[in-house]
Amino acid sequence: MSPRPMRNSNKRNDPVPAKGSPVVSEPIPLKEGEVVNSSSGPQLVRGMRDILPSEKRLWDRVWRASQLEFESREYDRIETPIMEEASLFQRSIGRVTDIIEKEMYVFEDPGGSRVALRPEATASIARAYIRHGMVSLPQPVRLWYWGPMFRHDRPQAGRYRQFFQSGAEVVGEQHPVVDAQVIMTAIAIVRRSGLDPLVSINSTGCKMCRPQYIEQLVAYYRTRRSQLCQDCKKRLVRNPLRLLDCKEEQCKSVKGEAPQIVDSLCPECKDHFVRVLEYCDELEIPYQLSSSLVRGLDYYTKTVFEVYERTEGAGRQDALGGGGRYDGLLELLGGRPTPGIGFSLGVDRIVNALKEKQTDVAPGAAIEGAPQIFFAQLGEQARRQAIVLVERIRQEGISVAEQFSKDGLKGQLERANRLGVRYTVILGQKEVLDGTVLVRDMEGGVQEIIDRQKLVEMLKKKLAT
Ligand code: HAM
């Protein structure tokens, strides 16, 4: 964070210093998250940002939702390096894509190798699958990951140059039920994080049926060439499918009348898509068909999807996540022909959506990951006993917040209120003498006197209801 500006103490409501006494400067207390506009001192690299402790709880919530949903579905966690050979991404994502042409951080390392900061993790996981002979494991191999990705995007709300993804790849299975299960996993994480997801879904066909569709697409776009942006004029020649990704207003209307890929699917792709949708119906996945969804990466085959937050009336927001099938990717990277499907959720975007929602729904409400109780103490003797008691409570799996360095009860209760805990345990001088504590229900303000020996059991019961 930028250094705090200093301000002159006699500009505040402090007593005016006596004539001749030195004017003391002290830092203005900043609210967490507040940014000081200072041109001096170290600056953040453009597009990068700090994730401050005030936000961390929401991040932890998404982490927990991911861990829980992945682990309960038998995914194993994998961690791949943030740096790979640049050619890995060029071959996988496709040279004529925005990610490779405009956004990837590529540089020569001191040894002269061309390396890249990973713009995504699917290519790395495909590499790891091949390299570590995972083909000999029981298939499919289900892997999940969490970590920073890097894209030199134009910085704006929800678009960062370092952002985090929570994602999964299921490698070695082509059955359409897996597509629906993978989408369900993405939905479950978004829901458990506290949002209301909606899926856009399409099929991009396979190497048998896609060329024919691309011919139709090119023929159509040629007739509208004069209406296209400069990038799309290039895409028309170099990678026509990417025409459907263009976000420029002038190209959006052209896209609206373009031929639809679902009409050109071969019987196998059509059957696969229909079955995926049937399984999605069974799972009650909220989805809508999106005929122009092709996603911005070249490795996709058949099913592609994106996850959005369901909003009423508002304009289209950025996707919270996206994914799809990539049945040709492993072979392209030198492995055996192996099908795969996966998705990545943009954690930054989920956290942003949660922040917006929380201010609407319940300002300052307790959230998952927040402490369950607060422990307040009064006086030195109480402090000595409280530090031991709090450790005992924590050992029982109850999360406790405290301010043992403070003395006043009022300040401690204010903090407990701000944290949104349900109960505050109070240990004062009287309680020190008679072996009890007070347990205060923070909603109604009712206080009970509890025998200290029974405290943990009683808290467990109360918190379970
Ligand atoms: P993607 O659509 O490029 O797919 O990225 C997935 C998600 O990452 C996006 O929906 C978005 O939430 C987030 N994201 C992307 N760029 C940014 C950014 N600049 N700032 C903030 N968030 C961003 C992939 O990355 C594929 N690897 C997904 C996949 C996995 N397909 C198959 N398996």
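Sort out which residues of the range 415-457 are farther than 22 Å from A370 by Cβ and in contact with a Ser or Thr (Cβ under 7 Å, 6 or more places away or on another chain), and write them in order of number.
Initially, the range 415-457 is screened for residues farther than 22 Å from A370 by Cβ, giving 428-436, 448-454, 457.
Those that are farther than 22 Å from A370 by Cβ and in contact with a Ser or Thr (Cβ under 7 Å, 6 or more places away or on another chain): I449, I450, D451, R452.
For I82, are the conditions met, namely being open to solvent by 30 Å² or more (accessible area, probe 1.4 Å), touching a Pro at 6+ places or on another chain (Cβ under 8 Å) and in contact (Cβ under 8 Å) with a residue 24 or more places away in the chain? Spell out how you get there, then give the answer.
On the way: open to solvent by 30 Å² or more (accessible area, probe 1.4 Å): yes; touching a Pro at 6+ places or on another chain (Cβ under 8 Å): yes; in contact (Cβ under 8 Å) with a residue 24 or more places away in the chain: yes.
Criteria met by I82.
Pairing each residue of the range 287-308 that is polar (S, T, N, Q) with any residue that is within 12 Å of the ligand (Cβ to nearest atom), provided the two are 6+ apart or on different chains, yields C-beta distances under 6 Å for Q288/S200; S290/S200; T301/R325; T301/D327; T303/D179; T303/G324; T303/R325. In summary, helices (runs of 4 or more DSSP H) completely within the range 200-285 and bearing 3 or more residues that are closer than 30 Å to Q181 by Cα occur at 210-223, 267-282.
Residue under question is D360, and the condition is that it be charged (D, E, K, R), within 30 Å of V307 (Cα to Cα) and either open to solvent by less than 40 Å² (accessible area, probe 1.4 Å) or at pLDDT below 90 (or both); does it hold? Yes: the conditions hold for D360.
Within the option set Y287, Y300, being of a type in the set (F, W, Y), closer than 29 Å to L88 by Cβ and at pLDDT 95 or above holds for one residue only, Y300.
Is it the case, given these coordinates, that D179 is within 30 Å of V62 (Cβ to Cβ), buried (at least 20 other Cβ atoms within 10 Å of the Cβ) and not small (G, A, S)?
Yes.
Which residue is nearest to the ligand (Cβ to nearest atom), if the candidates are limited to the range 141-157 and must be in a loop (DSSP other than H, G, I, E, B) and at pLDDT 95 or above?
Within the range 141-157, the subset in a loop (DSSP other than H, G, I, E, B) is 151-155, 157.
If we keep only those that are at pLDDT 95 or above as well, we get 151-152.
Details: R151: 5, H152: 9 Å.
Within the range 141-157, the match that is nearest to the ligand (Cβ to nearest atom) is R151.
With the range 369-452 as the region, which strands (runs of 3 or more DSSP E) entirely inside it contain at least 2 residues that are open to solvent by less than 20 Å² (accessible area, probe 1.4 Å) and under 28 Å from S54 (Cβ atoms)? Reasoning before the result, please.
Numbers: elements: 373-377, 400-402, 423-427, 436-441, 447-451.
Output list reads 373-377, 400-402, 423-427.
Surrounded by 16 or more Cβ atoms within 10 Å (Cβ to Cβ), out of contact with any Pro (no Cβ under 9 Å at 6 or more places or on another chain) and at pLDDT 95 or above, is that true of A186? Walk me through how you get there before you give the answer.
Working: surrounded by 16 or more Cβ atoms within 10 Å (Cβ to Cβ): yes; out of contact with any Pro (no Cβ under 9 Å at 6 or more places or on another chain): no; at pLDDT 95 or above: yes.
For A186, the condition - surrounded by 16 or more Cβ atoms within 10 Å (Cβ to Cβ), out of contact with any Pro (no Cβ under 9 Å at 6 or more places or on another chain) and at pLDDT 95 or above - is not met.
Scanning for something at pLDDT below 90 and farther than 30 Å from T204 by Cα, does the range 341-356 turn up at least one residue? Yes, the range 341-356 has at least one match.
The values are calculated or read from the model by the stated rules, or taken from the named source; none is laboratory data. Keep in mind that this is a model prediction, so the values were computed, not measured. We place every Cβ from the backbone using ideal geometry, glycine too, and count neighbours over all the protein chains shown. SASA here: full protein model, heavy atoms, side chains in, ligands and nucleic acids out. Shrake-Rupley method; radii C 1.70, N 1.55, O 1.52, S 1.80 Å.
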